[in-house]
Amino acid sequence: MIDLCSIRKVQNAIRELEDRLVAETGLSLNDAMCLCALAKGISDPGSLAKALTLSPSRLSRILDALEGRGLISRRLSEEDRRGIEVRLTKKGGAVLEKYHCAEIDVPAELAFASK
């Protein structure tokens, strides 16, 4: 059986983690997860949206912001000219590298995620 009150604690802990992440890196949790997915080789916007459980419109706004900051680039797919590929830029890779193991305090409710 699940303790529904614990769900709220986890939700608040995720919000707290995101606040710390933004303060430390300037990246939202969705921004960071998108960069991580790109680093793992997911480059198709549809696959990115599915992997991150985001709507295509929400992902598009995230990609717009990341592209505006010079962290990603979008280009026509070499495999299928009708499609778009999303890639980390050198700057995006450097940001991900720098913060991949950032010393961001993880709330106790999320300690299991930092191992």
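Taken together, the values in this text are just the output of simple stated rules run on the coordinates, not laboratory data. From a predicted model like this one, the values you see are computed outputs, not experimental measurements. Backbone-built Cβ (ideal geometry, glycine too); neighbour counts: all protein chains shown.
What percent does the relative contact order of the range 4-106 come to when contacts are Cα pairs within less than 8 Å and at least six residues apart?
Details: 90 pairs, mean separation 26.5, N = 103.
Normalised by residue count, the contact order of the range 4-106 is 26 percent.
Which one of Leu27, Gly46, Ile62 is farthest out on the positive end of the charge dipole of the range 4-106, using unit charges on Cβ (Lys, Arg +1; Asp, Glu -1) and the Cα centre as origin?
Value: Gly46.
Testing the spin-label approximation: label points 7 Å from Cα along Cα→Cβ at Ala23 and Lys91. State their distance in nm.
The modelled label-to-label distance comes out at 2.6 nm.
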